[in-house]
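The values are calculated or read from the model by the stated rules, or taken from the named source; none is laboratory data. From a predicted model like this one, the values you see are computed outputs, not experimental measurements. A quick note on method: Cβ atoms are made from the backbone with ideal geometry, for glycine too, and the neighbour counts reach across all protein chains shown. What goes into the accessible areas is simple: the full protein's heavy atoms, side chains included, and nothing from ligands, DNA or RNA. Shrake-Rupley method; radii C 1.70, N 1.55, O 1.52, S 1.80 Å.
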Amino acid sequence: MLKMRKANITDHQFLVRIDSKNDGYTVPDEAEMSEQEKEEHIKKIEGYLTDSNKGAYIIEDSAFSKPIAMIMYSIANRDSVYPWTVFHELDQNLFQSDGQFMEIFQLWVHPNYRRLGLATKLKLKLEEKAQHHKVDLIYTHTEETNTHVIKLNEKIGYKKVRRGPIWDDVIRVSLIKKLN
């Protein structure tokens with residue numbers, strides 16, 4: 001039986017491991033993390049379990065007592081300083097007046113459980129959380145080559161708003177969903 005739940009601190013290692021897998025996106029060969037970068041990454045992922053403006057949900061397969069899908073999100077602001085400019089390149093009128101929006105940080109489904117609607121369920125759960133946080137826009141991006149991910153997003157109401165590199169040379173498609 002599959003069950004969705006809010007992630008907790010006992011899920012920390014799982015979230016770090018999945019986020020470190022680079023499953024579904026391109027990583028340059030030289031992208032091996034230093035020990036300091038690994039520690040920073042571990043701390044960053046911990047924030048998705050402890051920060052009130054971040055969160056994560058997990059779907060478990062109770063038959064195997066293991067997590068088989070996850071999503072992590074944060075409440076962000078278009079006016080914050082980021083190491084990339086993607087949010088400043090989008091039409092500012094897309095955002096609510098205070099600039100807040102929900103950003104999907106990571107979405108992953110175990111290969112044996114893909115194409116079962118789990119990613120859709122996780123994304124719909126985030127719509128509930130966005131409303132709880134009084135946010136009316138959800139932002140996500142994926143590599144242009146992930147056409148199945150783009151189609152999934154479009155199927156549940158996301159619209160393409162940008163195409164181009166964000167932090168490296170890989171072409172990514174940015175998508176948003178306006179709520180309300």
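Given the protein chains as shown and a 1.4 Å probe, how many square angstrom of Thr50 are accessible, to the nearest 10?
The accessible area comes out at roughly 90 Å².
Do the sum for the chain: with -39,500 (n - 2.57) for every DSSP H run of n ≥ 4, divided by all residues, what is the mean residue ellipticity at 222 nm, to the nearest 500 deg cm²/dmol?
It comes out at -9000 deg cm²/dmol, rounded to the nearest 500.
Let me know the shape class of the stretch 87-180, please: from the alpha-carbon gyration tensor, a ≥ b ≥ c as square roots of the eigenvalues, rounded when a/c is under 1.5, otherwise prolate if a/b is greater than b/c, or oblate.
oblate
Count neighbours as other Cβ atoms within 10 Å of each site's Cβ, and list the chymotrypsin sites (Phe, Trp or Tyr not before Pro) in the stretch 75-180 that are DSSP loop with at most 13 such neighbours.
Here the sparse-neighbourhood loop sites are Trp84, Trp167.
Which label belongs to the value computed from this structure, given these candidates for P(r) over Cα pairs in 10 Å bins from 0, in percent: (1) 10, 39, 34, 16, 2; (2) 9, 36, 40, 14, 1; (3) 12, 42, 36, 10, 1?
Correct label is (2).
Express the carbon and sulfur contribution to the solvent-accessible surface of the chain as a percent, rounded to the nearest whole number, probe 1.4 angstrom.
The nonpolar share, carbon plus sulfur, comes to 50 percent.
Considering only protein heavy atoms, what per residue accessible area in square angstrom results for the chain with a 1.4 angstrom probe?
57
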